[in-house]
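Asker: Before I ask anything, here is the structure I am working with.
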Amino acid sequence: MTRELGSLLAPFFQTGDVVLLKGDLGAGKTSLVGGVADALKVEDDVISPTFNIMKCYFHGTLPLYHIDAYRLENQNIELGLDEFIEGNGVCMVEWPQYIQPLLPSDALSITLENIGEDNRKITIEGNTKHFEKIISAVKGAF
């Protein structure tokens, strides 16, 4: 379900878009990023960047920056991540609350809640016309 949602969202993404992925461990955040990568024709396998903090995928129709901020709770966040958050591709951030000061106010927020087995409750919010268009386009598909 989350991978399919990523594939639906990806064609709407533009350079500079920031997507905040919220949800517990195992909610499907990395799977959603994998679906985006598939749709952007990224050649590399998408894996969780938990231990690397960030993975960059340049070989696709749009650069994809995947940040997992889980390990940055209560840490110094001055790692240069802002260059990628404001970069020339789409930036997807897992555990965004841990790097909140680096994030723009105009981001697409996706909350994934595991409600049992392979079922998810998904909430998508955006505060710009661009993100509202994306939400309208995928509404009802999840």
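The values are calculated or read from the model by the stated rules, or taken from the named source; none is laboratory data. Note that the structure is a prediction, hence the values are computed from the model and not measured. Note that each Cβ is placed from the backbone with ideal geometry, even for glycine, and that neighbours are counted across all protein chains shown.
Asker: Working only within the range 1-14, note down all residues that are among the polar types (S, T, N, Q), farther than 16 Å from residue 133 by Cβ and surrounded by fewer than 22 Cβ atoms within 10 Å (Cβ to Cβ).
Answerer: 7
Asker: Can you tell me which condition residue 109 does not meet? The list is (1) among the hydroxyl-bearing types (Ser, Thr, Tyr); (2) under 18 Å from residue 4 (Cβ atoms); (3) buried (at least 16 other Cβ atoms within 10 Å of the Cβ), and all the others hold.
Answerer: Just one mismatch for residue 109, condition (2).
Asker: Now a separate question. Of everything in the range 63-83 that's aliphatic (A, V, I, L, M) and crowded, with 20+ Cβ neighbours inside 10 Å, which residue is modelled with the lowest pLDDT?
Answerer: 81
Asker: At least 2 residues that are in contact with a helix residue (DSSP H, G or I) (Cβ under 9 Å, 6 or more places away or on another chain) and more than 26 Å from residue 136 (Cβ to Cβ) in each: list the helices (runs of 4 or more DSSP H) lying fully within the range 1-119 that qualify. Don't jump to the end; show me each part of the working.
Answerer: On the way: elements: 2-9, 29-39, 81-85.
Fully inside the range 1-119 and qualifying: 81-85.
Asker: Are there any pairs with C-beta distances below 9 angstrom linking a residue in the range 1-22 that is in contact (Cβ under 8 Å) with a residue 12 or more places away in the chain and under 18 Å from residue 125 (Cβ atoms) to a residue that is of a type in the set (Lys, Arg) and buried (at least 22 other Cβ atoms within 10 Å of the Cβ), with the two at least 6 apart or on different chains, and if so which?
Answerer: From residues that are in contact (Cβ under 8 Å) with a residue 12 or more places away in the chain and under 18 Å from residue 125 (Cβ atoms), the pairs are 2/29; 21/29; 22/29.
Asker: A further question follows. Under 7 Å between Cβ atoms, which residue pairs at least 6 apart in sequence (or on different chains) link something in the range 63-78 that is farther than 15 Å from residue 18 by Cβ and of a type outside the set (A, V, I, L, M) with a partner that is assigned to a loop (DSSP other than H, G, I, E, B) and modelled with pLDDT under 90?
Answerer: Final answer for the pair search is 70/50; 71/50; 71/53.
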